Amino acid sequence: LDIAENVKSRGANVLRGGAYKPLTFPYRSESFFELGEEGLRYLAEAREKTGLPIVTEVMDPRLVDLVADYADILQIGARNMQNFPLLNEVARVQKPVLLKRHFGCSLRDWLGAAEYLLYGGNPNVILCERGIAAPHTHHPNSRSIVDMQAVPAVHEFTHLPIIVDPSHSTGMWELVTPISLGSIAVGAHGIILDVHPNPAVAKCDAGQALNFENFRNLTRKVRAVSDAMISEA
Ligand code: PEP
Ligand code: MN
């Protein structure tokens, strides 16, 4: 709720939080687990308090209706981009979908996945570039490469809106502001960011979250780039 109020006051339009979470390793513990439906209720409470629409990930085709009961936008995570049964289930629900690009997939693969949603009867798809894998991205200080040229390419080949996720792609908060500015400059319609009041103690993805001060500074710079883009158009 703190985060929701803070980002709303700085101009955020949508709140993203994870109640169901893909993790690279299967280990969970008493202090590290998914909140599931309880988490969805927290998100709904944050929407109630701030008016921010909620986006959250659905991973399991069997949970699409449950997640859609709470969420305003359904997120398909990078790892599930080509989970076709999940795409078919999500297409059935008349809620906008945030479709993240798999880190190993081409633009063609990504747009094919989007097509599953459109063809399945759901026209409201938002694309999200979240970085692609390359040999040097196996180093801890370079998680994945943001495919900047995918943004204008998406403009060329589709009518769908495109946003960039500088948090999950870089994995490092120090890189989040420059990549956000670059994303807006190449034509992204938005960015999605991890924010935490005290990133050091975040349960998940601690290295990539911005604290409130860094988020505030980022929004100021992003607005300047965005204004420059608008005045140029
Ligand atoms: C996320 O958005 O929390 C996430 C897990 O991202 P991605 O699917 O892009 O790895
Ligand atoms: Mn995450």
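Filter the DSSP H helices in the chain by two things, a Kyte-Doolittle mean of at least -0.5 and an axial alpha-carbon span of 24 angstrom or more, and list the hits by number.
212-232
Which whole-number value in Å² is the accessible area per residue of the chain, probe 1.4 Å?
Normalised by residue count, the accessible surface of the chain is 51 Å².
Quote to one decimal, in nm, the extra length available between A228 and E213 on full extension: 0.36 nm per residue of separation minus the C-alpha distance between them.
Stretched out fully, the A228 to E213 stretch lengthens by 3.1 nm.
Add -39500 (n - 2.57) for each DSSP H run of 4 or more in the chain, then divide by its residues: what number comes out at 222 nm, to the nearest 500 deg cm²/dmol?
Result for the chain: -12500 deg cm²/dmol, rounded to the nearest 500.
Looking at the chain, which longest stretch skips every one of the trypsin sites (Lys or Arg not before Pro) that is in a DSSP loop with at most 11 other Cβ atoms within 10 Å, leaving the sites themselves out?
29-202
Using Cα-Cα distances under 8 Å and only pairs 6 or more residues apart, what relative contact order does segment 1-125 have, in percent?
20
Tally the DSSP beta bridges in segment 1-155 and give the antiparallel ones as a percent, rounded to 5.
Percent antiparallel among DSSP bridges in segment 1-155 is about 15.
Taking 7 Å along the Cα-to-C-beta vector as the label spot, tell me the A200-E38 distance in nanometres, rounded to one decimal.
2.7
Based on alpha-carbon atoms only, what is the radius of gyration of segment 2-47 relative to the globular estimate 2.2 N^0.38 Å?
Dividing the Cα Rg of segment 2-47 by 2.2 N^0.38 Å gives 1.37.
Where the accessible area of the chain is counted over protein heavy atoms with a 1.4 Å probe, how much of it, in %, is carbon and sulfur?
55
If you bin every alpha carbon distance in segment 120-162 into 10 Å steps from zero, what whole percent lands in each bin?
Histogram of Cα-Cα distances, whole percents per bin: 25, 40, 25, 10, 0.
Please list, by residue number, everything in segment 208-229 whose backbone N is under 12 Å from a paramagnetic label point 7 Å out along Cα→Cβ of R10.
209-223
May I ask you to give the average projected area over all directions of the convex hull of the Cα atoms of the chain, in nm² rounded to one decimal?
Mean shadow area of the hull around the Cα atoms is 12.5 nm².
Which net charge results for the neighbourhood of L63, defined as the other residues with beta-carbon distances under 15 angstrom from its beta-carbon, given Lys and Arg at +1 and Asp and Glu at -1?
Residues close to L63 contribute a combined charge of -3.
The values are calculated or read from the model by the stated rules, or taken from the named source; none is laboratory data. These figures come from a predicted structure and were not determined experimentally. Cβ sites come from the backbone with ideal geometry, for glycine too, and all protein chains shown count toward neighbours. These accessible areas exclude ligands, DNA and RNA; they are computed on the full protein's heavy atoms, side chains included. Shrake-Rupley method; radii C 1.70, N 1.55, O 1.52, S 1.80 Å.
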